[in-house]
Amino acid sequence: MLIKKSVIVLIALLLSACGYHLRGAFELPAGMKNIFLDGGSAPLQSEFNKAMSLSAIPIAASAETAGIVIRIFDEISQRRVLSLAATGVANDFELGYQMEYEIVDAKDNILMARQLIEIKREYYNDQLAIIARSNEELIIINEMYLQAVRTIVNRAKSVIDAKPK
């Protein structure tokens, strides 16, 4: 029993020493500890809030109180048929998500000019699993929003890290 406890404690120490953190959590520089997302659709806002709360990063109540502000422009979601079966039913779909954003500081100085993010995913439309099909599409769409959030945060980190102190 003592050996089991010792092994568990040892594993916990090793994981914490190697920089392990929960998936979805971000490590942000000090200049990015108070962030505000200006604009964006409800699903994007939701994924952003989830990612920030996982990382214990405070979200500012307004742009005026934020250390940095991420402004979202021109969000577009698309769904198109890639192939049809002989019966005329869609076999494959492509989901697309596109948006533009910029990053500014609290004084409205542009830290990163407008950037485009474009994400595309394909999936097979299984006619035998109709319920799973709609759930699969929803999961893929949420993953696309999460990827967009990760891309924005990673680019913002590089801007903050490169900013002269």
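The values are calculated or read from the model by the stated rules, or taken from the named source; none is laboratory data. This is a predicted model, so every value here is computed, not measured. Here the Cβ positions follow ideal geometry from the backbone for every residue, glycine too, while neighbour counts run over all protein chains shown.
In the condition set (1) surrounded by fewer than 17 Cβ atoms within 10 Å (Cβ to Cβ); (2) modelled with pLDDT of 85 or more; (3) under 30 Å from residue 122 (Cα atoms), residue 61 is compliant with all but (3). Within segment 37-73, the set of residues being in a helix (DSSP H, G or I) and β-branched (Val, Ile, Thr) comprises 65 only.
Per-residue answers, yes or no, for (1) of a type outside the set (Gly, Ala, Ser); (2) in a helix (DSSP H, G or I); (3) modelled with pLDDT under 85; (4) exposed (fewer than 13 other Cβ atoms within 10 Å of the Cβ):
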position	(1), (2), (3), (4)
88	no, no, yes, yes
99	yes, no, no, no
103	yes, no, no, no
111	yes, no, no, no
132	no, yes, yes, yes
136	yes, yes, yes, no
148	no, yes, no, no
160	yes, yes, yes, no
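Of all residues in segment 64-86, those being surrounded by fewer than 14 Cβ atoms within 10 Å (Cβ to Cβ) and among the small types (Gly, Ala, Ser) number 3.
Restricting the search to segment 113-125, which residues are more than 19 Å from the chain's Cα centre (by Cα) and either farther than 18 Å from residue 82 by Cα or not in a strand (DSSP E or B) (or both)? Quick ask: steps written out before the conclusion?
Of segment 113-125, the ones more than 19 Å from the chain's Cα centre (by Cα) are 113, 123-125.
Correct list: 113, 125.
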